[in-house]
Amino acid sequence: MAVKGKVVKKKVVTKKKGVSRSAKAAMSESPKGMTFVTISRKGEYSLGVKTERGILDVKAASKLLKKKVPTLIDDVIKGGDQGLTALVRAALKSTKTKKVFLDENKIEFGPCVTNPEKLLMMGFNYRKHAFETNTPIPASPVLFSKFNNSLSGHKAVIKLPTHVATKFDYEVELIAIIGKTAFRVSEEEALSYVFGYCTGNDLSARDLQMKTSQFLLGKSLDGFAPVGPYLVTADQIPDPNKLKVECYVNGELRQSSNTDDMIFSVANFISYASQHLTLKPRDMLFTGTPEGVILGMPPEKQVWLKAGDKVTTVIEKLGELKFSFA
């Protein structure tokens, strides 16, 4: 249009293309309804998702479908979905993705969480386990820790350090994986801080554990925290304190209980711990073991784990964790 003899160009306003706020929020939220695994190849880890077509190799699918998504479980826990749900749906629908779905029986597994800052353990948290070990019911949670060197995965072969110990024991445990930073959270809101759950085993060298008043040495041996194979998102486990837990040694049932026998619930554990220290995404909370461990048996019946033994750890809705010893 013209103003006082001058030509004024009309400004054209265009909307910038980009991701809407709602879309960004969805991208940062934790994925729902997913079961994750860690694929191990030549010592390197990558993300897998369990589907009806097999284990989706996320890294390979991302490259094939040209969709940028996180390819490590640590990045999913810290950063949220980031397009992962959309990738899984696209891969399942496509007829060109056959090669990116792997046979679960043929893959090598890593720990379902590979790099937690903390492995926080709960001792004597099942009533019947406290009774079998002649331990008074604790008035507050008994906490100790392991280190990352203890982590191992499904189908691992764990070398027993027989040069320093002989009394090796099993402990089936439900593990809660923290999904967002938690400090001084209430018991009522505690479960909303959980990313997911997995099956684990708190292997223990009892002679080292009982050698001093500190449990650490007997608990933190290499590979003594096998976890997996699956990390199941929390929305699929509405009540973690109503899950059947079992442990088998060479096919013989040794432990059979339910998480409803816990003295301190998962929510209580999270809330209590968060009053004292900051829980961070990827932290693993081992919630204790039920009765049936070798330590709880009469001395004449205590036959400790040895090379060649095979252990299967089962938790309802979370799958079977298998490992053996050398």
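Filtered by the rule that a residue be basic (Lys, Arg), surrounded by 14 or more Cβ atoms within 10 Å (Cβ to Cβ) and touching a Leu at 6+ places or on another chain (Cβ under 9 Å), the stretch 282-326 gives a lone residue, Lys317.
Please tell me if Leu208 is in a helix (DSSP H, G or I) and at pLDDT 95 or above.
Yes, satisfied.
When each of Val113, Val185 is tested for being modelled with pLDDT of 95 or more, over 24 Å from Val49 (Cβ atoms) and of a type in the set (A, V, I, L, M, F, W, C), the lone residue that passes is Val185. Remark: Gly223 matches the filter, which requires a residue to be touching a residue at least 24 places away in the same chain (Cβ under 8 Å), in a loop (DSSP other than H, G, I, E, B) and at positive phi.
When Lys128, Lys159, Lys167 are checked against the criterion of being at pLDDT below 95, more than 16 Å from the chain's Cα centre (by Cα) and among the basic types (Lys, Arg), a single residue qualifies: Lys128. Hey, any hits in the stretch 117-125 for a residue that's under 24 Å from Leu277 (Cβ atoms) and at pLDDT below 95? Yes, some residue in the stretch 117-125 is under 24 Å from Leu277 (Cβ atoms) and at pLDDT below 95. Of all residues in the stretch 253-268, at least one satisfies being of a type in the set (Gly, Ala, Ser), closer than 22 Å to Glu291 by Cβ and either part of a helix (DSSP H, G or I) or under 19 Å from the mean Cα position of the chain (by Cα) (or both). Among all residue pairs at least 6 apart or on different chains, which show Cβ distances below 6 Å where the first residue, located in the stretch 154-175, is in the same structural domain as Leu253 (by TED's automatic domain parsing) and the second is charged (D, E, K, R)? From the stretch 154-175, the pairs are Lys155/Lys322; Ala165/Asp207; Lys167/Arg206; Lys167/Asp207; Asp169/Arg206; Glu171/Asp202; Glu173/Asp202.
Scanning the stretch 132-147 for residues that are touching a residue at least 40 places away in the same chain (Cβ under 8 Å) and either in contact with a Leu (Cβ under 8 Å, 6 or more places away or on another chain) or surrounded by 13 or more Cβ atoms within 10 Å (Cβ to Cβ) (or both) gives Glu132, Thr133, Pro138, Pro141, Leu143, Phe144, Ser145, Lys146, Phe147.
For Pro240, state whether it is buried (at least 18 other Cβ atoms within 10 Å of the Cβ), in contact with a strand residue (DSSP E or B) (Cβ under 9 Å, 6 or more places away or on another chain), within 19 Å of Ser40 (Cβ to Cβ) and in the same structural domain as Asp169 (by TED's automatic domain parsing). For Pro240, the condition - buried (at least 18 other Cβ atoms within 10 Å of the Cβ), in contact with a strand residue (DSSP E or B) (Cβ under 9 Å, 6 or more places away or on another chain), within 19 Å of Ser40 (Cβ to Cβ) and in the same structural domain as Asp169 (by TED's automatic domain parsing) - is not met. Within the stretch 274-326, if we keep just the residues that are under 14 Å from the mean Cα position of the chain (by Cα) and in a loop (DSSP other than H, G, I, E, B), the residue that is farthest from Thr114 (Cα to Cα) turns out to be Lys317.
Among the residues of the stretch 204-260, just one is of a type in the set (Phe, Trp, Tyr), out of contact with any helix residue (DSSP H, G or I) (no Cβ under 7 Å at 6 or more places or on another chain) and farther than 30 Å from Glu189 by Cα, namely Tyr248.
Listed conditions (1) in a loop (DSSP other than H, G, I, E, B); (2) surrounded by fewer than 20 Cβ atoms within 10 Å (Cβ to Cβ) are all met by Lys128, apart from (1).
Only residues that are crowded, with 22+ Cβ neighbours inside 10 Å and either of a type in the set (D, E, K, R) or outside the structural domain of His163 (by TED's automatic domain parsing) (or both) were counted in the stretch 176-221, giving 2.
Of all residues in the stretch 73-116, those being of a type outside the set (Gly, Ala, Ser), more than 24 Å from Leu277 (Cβ to Cβ), buried (at least 17 other Cβ atoms within 10 Å of the Cβ) and in contact with a strand residue (DSSP E or B) (Cβ under 6 Å, 6 or more places away or on another chain) number 6. Could you say whether any residue in the stretch 50-64 is at pLDDT below 95 and small (Gly, Ala, Ser)? No, that holds for no residue.
The values are calculated or read from the model by the stated rules, or taken from the named source; none is laboratory data. Note that the coordinates shown come from a computational prediction; the quantities given were computed from them, not determined experimentally. Every residue, glycine as well, gets a Cβ built from its backbone with ideal geometry; the counts of neighbours run over all protein chains shown.
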